[in-house]
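Worksheet: one structure, shown below.
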Amino acid sequence: MTHKLIEGFRKFHTEAYGEADLMARLVREGQNPDFFIISCIDSRSNPGTIFKPEPGTFFAHKAMGAIVRPYKQGTALAAALQFALDYNGVKEIIILGHTGCGAVRALVEKLDDEEISSFVDVAQKALHTAEDCCNGVCTHDELLRHTEEQIVLLSAENLKGYPSVARALKEGRASVRPWLFDMANGNLLEHDGNEFKPITDH
Ligand SMILES: [Zn+2]
């Protein structure tokens, strides 16, 4: 089974340790990524795949639904953000939600699994906002889509409560970008303050 991974590593090795010797430079000079990407655990929406990044492009944090919980000291995300912003000069924090998200479906359809629901239920507010937007006339798929969008926005809002993010925003060192990967149509969307709009043209 793991041969798929080892085959992939061989390809990566050819690219990163080959002629350009990217890894040698990164090992010698250290990393200096501009981005911090918070994404879902979904295997189809992996930023390491969809952005075709060179090594050293971004820090990555994953959570179901790309959900960012309100700040609490000592969490994996709080420590990672502080490391990225205060010690590594990250300039853009991207929250990458995606369509067809299993975590969002678990929230909307109230999956009977205490372990999962105790995590995704933190985004109840996003579901309520989506239900208000729908005003009882959306299809179930439309409600899922609205909720996917609202979770990205709620996560962006919650991020501002993280001290390292609040400082970086106040000092103009970094910005937070709410993005959504529309898997079915192969588009990337960004919220412009009013709505999610494609930033790609497929
Ligand atoms: Zn997902």
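Throughout, read-outs are computed from the coordinates displayed, never taken from laboratory work. Everything quoted here is computed from the prediction, not taken from an experiment. Don't worry about glycine lacking a Cβ; one is built from the backbone with ideal geometry, like all the others, and counts go over all protein chains shown.
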Net charge dipole size for the chain [Lys, Arg +1 and Asp, Glu -1 on Cβ; Debye, nearest 20]: 680
Tilt, helix 140-159 to longest principal axis of the chain (alpha-carbon atoms), in degrees rounded to tens, equals 60
Please work through the chain and write down the cysteines that have no neighbouring cysteine Cβ at a distance under 4.7 Å. C40, C101, C133
Once you keep just the Cα pairs under 8 angstrom separated by 6 or more residues, what percentage relative contact order results for the chain? 21
Estimated FRET transfer efficiency (K72, R28; beta-carbon r; R0 41 Å; 0.05): 0.65
Subtract the Cα-Cα distance of A79 and E92 from 0.36 nm times their separation in residues, and report this length gain in nm to one decimal. 3.0 nm
Within 11 Å, Cβ to Cβ, of L153, how many net charges do the neighbouring residues add up to if Lys/Arg are +1 and Asp/Glu are -1? -3
Quick check: pseudo-label points 7 Å beyond the Cα along Cα→Cβ at A20 and A184, how many nm apart are they? 3.5
Need the full-extension length gain, S117 to E131, defined as separation in residues times 0.36 nm minus the C-alpha distance. One decimal, nm. 3.2 nm
Inter-label distance for F51 and I199, nm, one decimal - labels placed 7 Å from Cα along Cα-to-Cβ: 0.9
Mean Cβ neighbour count within 10 Å, used as a protection proxy, ranking 10-23, 87-100, 42-55 highest first: 87-100, 42-55, 10-23
Using the alpha-carbon centroid of each, what span in Å lies between segment 1-62 and segment 134-175? 26
In order through segment 10-26: 3J(HN,Hα) via Karplus (6.51 cos²θ - 1.76 cosθ + 1.60), integer Hz, x for Gly, Pro: 4, 5, 4, 4, 4, 6, 7, 10, x, 4, 6, 6, 4, 5, 4, 5, 5
Computed over the chain: longest principal axis from alpha-carbon atoms vs helix 76-87 long axis, angle to nearest 10 degrees, is 50
